[in-house]
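The values are calculated or read from the model by the stated rules, or taken from the named source; none is laboratory data. Small disclaimer: the values here were computed from a predicted structure and weren't measured. Cβ: placed from backbone, ideal geometry, glycine included. Neighbour counts: every protein chain shown.
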Amino acid sequence: MDVNAGRYLDGASMEDLGRETFELMLGAASGERTVGEKAGSFQVAALAGLASNRQQSLAELIRLPRPNGEPLPLAAQAAEGAINLAI
């Protein structure tokens with residue numbers, strides 16, 4: 001799902017962009033096909049720009065417990081308000 005956040009530089013308000021992004025994510029989470037999916041692309045690139053050591057990351061993932069369907073706990077920073085999810 002692509003979101004053109006660059007529209008902010010063209011004058012779109014952050015509130016409008018945030019609401020649009022939320023609505024797109026909600027739709028995708030509810031089963032609506034994204035533009036990329038309609039075009040035949042099924043890649044997830046949310047963190048594509050981050051450099052990583054793939055072997056180290058793989059080793060860390062292998063050591064993690066298998067998912068059990070329960071929600072993941074929030075990191076301490078998130079619990080202290082470091083992440084603002086308000087729209």
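Remarks
- Any hit, the stretch 1-19, residues being hydroxyl-bearing (S, T, Y), surrounded by 10 or more Cβ atoms within 10 Å (Cβ to Cβ), at pLDDT 90 or above and not in a helix (DSSP H, G or I): yes
- Residue under evaluation S52, criteria (1) among the small types (G, A, S); (2) at pLDDT 80 or above; (3) not in a helix (DSSP H, G or I), criterion not met: (2)
- Output for the stretch 12-39, where each listed residue is farther than 14 Å from D2 by Cα and either touching a Cys at 6+ places or on another chain (Cβ under 9 Å) or not charged (D, E, K, R) (or both): A12, S13, M14, A29, S30, G31
- Conditions (1) part of a loop (DSSP other than H, G, I, E, B); (2) at pLDDT 90 or above; (3) not aliphatic (A, V, I, L, M); number of the one not met by F22: (1)
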